[in-house]
1. Roughly speaking, what is the stretch gain from residue 635 to residue 50, that is 0.36 nm per residue apart minus the C-alpha to C-alpha distance, in nm to one decimal?
2. Taking every alpha carbon pair in the range 341-401, what does the distance histogram look like in 5 angstrom bins from 0, in percent?
3. Would you mind counting up the charge near residue 309? Only other residues with Cβ under 10 Å from its Cβ, with Lys and Arg at +1 and Asp and Glu at -1.
4. Specify, per residue and in Å³, the volume enclosed by the convex hull of the alpha carbon atoms belonging to the range 1-124.
5. Let me know the Rg and Dmax you get for the range 166-322 when you use only its Cα atoms, in Å.
6. Calculated FRET efficiency, residue 10 and residue 242, Cβ-Cβ r, R0 45 Å, to nearest 0.05?
7. Angle, helix 598-613 long axis vs. longest principal axis of the chain, Cα atoms, 0 to 90°, nearest 10?
8. Taking the Cα atoms only, what angle lies between the long axis of helix 273-283 and the longest principal axis of the chain, rounded to 10 degrees?
Amino acid sequence: MAKSLFIAEKPSVAREFANALKVNGRSVDGYIESENAVVTWCVGHLVTMSYPEVYDMKYKRWSLETLPFLPKEWKYQVIDSVKKQFGIVSGLLNRADVDTIYVCTDSGREGEYIYRLVAQMAGVQGKKQKRVWIDSQTEEEILRGIREAKPMAEYDNLAKSGIMRTIEDYAMGINFSRAMSVKYGKLLNDAAATKSYTAIAVGRVMTCVLGMVVIREREIRNFAETPFYRVVGGFLPEGAETEETVTAEWKAVNGSKYFESPLLYKENGFKKRESAENLIGELDGKQAVVKSLERGTSRKKAPLLFNLAELQAECSKRYKISPDETLQVAQDLYEKKLTTYPRTDARVLSTAVAKEIGKNLNRLKTYEPTKTYTERILKEGTYRNIARTQYTDDSKITDHYAIIPTGQLTELGSLSDLQRRVYDLVVRRFLSIFYPAAEYETIKLVVQVGAEQLFASAKVLKNPGFLEIMGRPGNDENKEEESAGLLKLAGQLKTGDPLKVDGYEIKEGKTAPPKRYTSGSMVLAMENAGQLIEEEELREQIKGSGIGTSATRAEIIRKLVRIGYLNLNKKTQILTPESLGEMVFEVVYMTVPALLNPKMTANWEKGLDGITRGTVDFWEYRGKLESFIRKETEKMIEQNLRP
């Protein structure tokens with residue numbers, strides 16, 4: 001009897017597939033088998049790219065004579081530590097009674113790459129192969145994925161992109177790391193006083209991130225604090241019985257004596273105290289009048305849903321945990337069927353999921369901390385039109401939609417404190433999109449004193465909307481306290497009213513240096529590095545796929561810390577460069593500065609995305625990549641930075 005083989009990425013996922021398929025047969029070492037199905041698993045990567053010495057022993061020794069290393073055909077080998085499992089999987093893939101293979105590795109570029117190498121090394125032929133693509137590990141979703149499995153050919157471009165990404169990282173790493181280490185490794189190790197020799201590690205994404213941290217640190221070191229002086233006045237209605245005043249700030253707007261004056265530091269301050277004192281002298285004794293008073297309402301919608309980068313940034317800020325810790329928690333929640341697939345760049349729902357979102361909400365009714373909100377959403381039916389809002393957009397989804405709760409709560413009791421807090425964060429962000437916008441009453445006052453104008457504004461929350469679920473930002477309440485005077489007196493004021501002046505004063509401020517990256521803000525910077533790139537198309541591209549991917553960014557930061565290039569303060573999550581990292585930055589800056597440029601990383605990422613979409617040819621891309629590596633390696637070999 002012909003059987004179907006289901007191959008997952010790891011044992012825990014394989015067990016979920018076996019349970020969903022009711023494969024309750026004998027459990028053998030490395031697979032589970034029943035009468036009509038076999039479930040097996042990889043243990044992550046089973047196959048990897050071969051070391052250079054596999055091509056020729058001359059490559060074992062690091063030498064400039066053997067560079068650049070760019071073989072015509074790249075070789076692969078089974079990883080020694082998992083040879084036993086590869087043997088089991090290979091045997092099952094080629095078993096005579098297996099006619100259909102369901103590929104159930106993670107639904108993404110990396111999962112695709114893992115299986116394709118296994119199939120290639122196992123020499124799979126003459127079998128029907130289907131791709132299972134799922135967004136969560138609930139039984140319902142697993143069975144849907146199997147039912148709707150597509151032919152593997154539909155994912156060929158994704159596989160090519162995964163293969164090319166690995167070639168790219170391997171080839172850049174081998175050539176640039178070897179060239180720099182041979183030429184400058186000893187020099188750097190001596191200068192950094194390392195305990196034992198450490199080779200210089202260079203990578204397409206890793207070196208770009210190192211550069212971002214070093215450049216930011218140098219901006220802070222070279223920052224010169226500059227004082228500036230603002231002028232504020234206190235005002236109240238003439239004849240008012242209260243001592244409460246409205247504080248308004250002077251700005252050099254059109255019509256002001258100081259408009260676009262070189263004396264200014266921005267439009268609301270002076271470079272010198274003397275200039276601010278002169279302004280006060282000019283204002284003193286002049287009548288103050290209400291030039292305008294505007295009342296209005298502003299609305300603030302719930303933020304988009306979490307993707308991995310946003311969740312990592314939020315957890316770094318709230319709980320002071322690193323991106324790789326957040327990823328592990330998100331992965332745990334996914335494997336416990338509590339949330340959907342974590343390695344996603346999307347912050348919206350797909351149309352198909354939006355139509356069925358009521359199922360998630362109905363299951364969430366028993367989650368006590370948010371039960372009241374869920375019941376209101378279901379009662380009012382606000383979820384029914386979510387497909388027609390900004391929270392649903394198929395064009396902004398590549399592999400997976402945003403991270404949301406599945407509503408399945410069977411494993412809730414097994415969560416650690418941190419897992420529970422992160423889960424609650426995901427649930428509240430999810431429920432918020434079904435609540436109305438927060439509404440604020442706004443007041444804007446302009447005071448005219450002679451030719452000069454002073455400005456005050458206030459904002460007070462009138463309807464919390466989604467903030468009822470997510471909580472109010474701390475600065476909301478602070479702003480209300482600061483504008484308390486205007487809020488109390490606004491009802492007594494109208495345009496043209498004279499105002500009593502309670503006095504003017506100078507507020508001294510100082511320019512602040514740029515902030516250091518935290519692990520969380522770095523993940524966002526990697527995702528949205530468009531701020532560093534001028535070209536519109538590249539900026540949009542890097543917005544979508546960024547520097548690195550959602551699956552790799554946390555590991556890149558962790559590696560830079562592990563190899564001693566960056567320091568991560570565990571209490572604050574602030575990233576700073578180590579001395580060795582700064583030295584490596586200097587060498588890269590003087591040899592292959594393109595590696596420090598997010599624009600280059602964006603270009604490569606754009607090409608990989610193009611391979612996935614079928615708009616970029618695999619071989620053309622490889623040709624350009626190898627040409628770049630060859631040129632830069634040869635230039636490095638010829639160059640000499642030594643004194």
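1. Result: 208.0 nm gained on full extension.
2. 3, 19, 23, 21, 19, 11, 3
3. Net charge in that neighbourhood comes out at -2.
4. 119
5. 28.2, 82
6. So, using R0 = 45 Å, E works out to roughly 0.10.
7. With both axes taken from Cα atoms, the answer is about 50 degrees.
8. 50
Throughout, read-outs are computed from the coordinates displayed, never taken from laboratory work. As the structure is a computational prediction, the values presented were derived from the model and not from experiment. Neighbour counts are summed over all protein chains in view; Cβ atoms, including those assigned to glycine, are modelled from backbone coordinates with ideal geometry.
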